[in-house]
Amino acid sequence: MAGHTAAATRRIIVNQFTDIYALATWLSHYGIDFKAWGENSSKSLNHLWQELQAGEVQLMDTPPLRLVEVVQIIIRRGETVLMEAEQEFFNGQRRYRNQPPSEKIKPGETVQDAACRCLQEELALPKEAISLRPETHRQYQTSTNSISYPGLPSQYNFHVIEAAVSDLPVEGFWRENQSDGVIDPVKRHRWEWRSADSVQFIGDH
């Protein structure tokens, strides 16, 4: 980093770990204990490695920070919005949620691309049943200690967009996750219609 001032020492590391062991060494260097990852509501070290390989997240150092670009979709029904109430992982773990449909934005995807993919994967909706409203797109940012990766500070850059969809049940329902499960550990999602006032945009992925 020769020629950079002290104020510019933070650098982005994108897919530059040679293997998962190099990632583990990097985490250990910063005192981040990943040995309990994969228990309770957390994801495993392998899941973080897969996210990096897929370009879904970036890691910064000095100090360490996980950067995530996320789209959240607001689907309204009267005075209620569709919220993900619970996730069930392939290993049987469950974690409770209170968020609208949310998905990491992959490299090369637009916000609209990621939103459609989210609704297709998490709600099993065909593309023709989805109508996005690009004029509602707004952004915000938040930082938190990751629930998925405890001890690893994370910054979420959220893109919120509203959508109209068809053929969703009136009552709460489960939907099987349509992704391949290699990166995404979620087997299925439980959805509920909740008061719009209950929407939480600060999520964890």
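Looking for something in a strand (DSSP E or B), farther than 30 Å from Gln120 by Cα, at pLDDT below 95 and not aliphatic (A, V, I, L, M) - is there at least one such residue anywhere in segment 23-44? First the steps, then the outcome.
Restricting attention to segment 23-44, the residues satisfying the condition of being in a strand (DSSP E or B) are none.
Checked segment 23-44: no residue is in a strand (DSSP E or B), farther than 30 Å from Gln120 by Cα, at pLDDT below 95 and not aliphatic (A, V, I, L, M).
There is at least one residue in segment 121-135 that is among the polar types (S, T, N, Q) and at pLDDT 95 or above. Scanning segment 84-99 turns up no residue that is hydroxyl-bearing (Ser, Thr, Tyr), buried (at least 20 other Cβ atoms within 10 Å of the Cβ), part of a strand (DSSP E or B) and under 15 Å from the mean Cα position of the chain (by Cα).
Within this structure, Gly203 fails the test of being in a loop (DSSP other than H, G, I, E, B), farther than 14 Å from Met83 by Cβ and at pLDDT below 95. Only residues that are in a strand (DSSP E or B) and under 13 Å from the mean Cα position of the chain (by Cα) were counted in segment 100-132, giving 3. Across segment 145-168, what is the total count of residues that are more than 28 Å from Lys35 (Cβ to Cβ) and either part of a strand (DSSP E or B) or at pLDDT 95 or above (or both)? Total meeting the criteria: 9. Filtered by the rule that a residue be among the hydrophobic types (A, V, I, L, M, F, W, C) and farther than 25 Å from Pro185 by Cβ, segment 113-132 gives Ala129, Leu132. Among the residues making up segment 84-118, those that are among the hydroxyl-bearing types (Ser, Thr, Tyr) and touching a strand residue (DSSP E or B) at 6+ places or on another chain (Cβ under 8 Å) are Tyr96, Ser102.
A residue that is exposed (fewer than 14 other Cβ atoms within 10 Å of the Cβ), modelled with pLDDT of 95 or more and assigned to a helix (DSSP H, G or I) occurs somewhere in segment 14-21. Of all residues in segment 40-79, which are out of contact with any Leu (no Cβ under 9 Å at 6 or more places or on another chain), loosely packed, with under 15 Cβ neighbours inside 10 Å and farther than 29 Å from Asp19 by Cα? Listed by number, the residues that qualify are Gly78, Glu79. Among residues of segment 104-122 being in contact with a helix residue (DSSP H, G or I) (Cβ under 9 Å, 6 or more places away or on another chain) and not β-branched (Val, Ile, Thr), the one that is farthest from Arg138 (Cα to Cα) is Gln120.
The values are calculated or read from the model by the stated rules, or taken from the named source; none is laboratory data. Worth saying up front: this structure is predicted, and the values here are computed from it rather than measured. Using ideal geometry, Cβ is built from the backbone for each residue, glycine included, and neighbour counts are taken over all protein chains shown.
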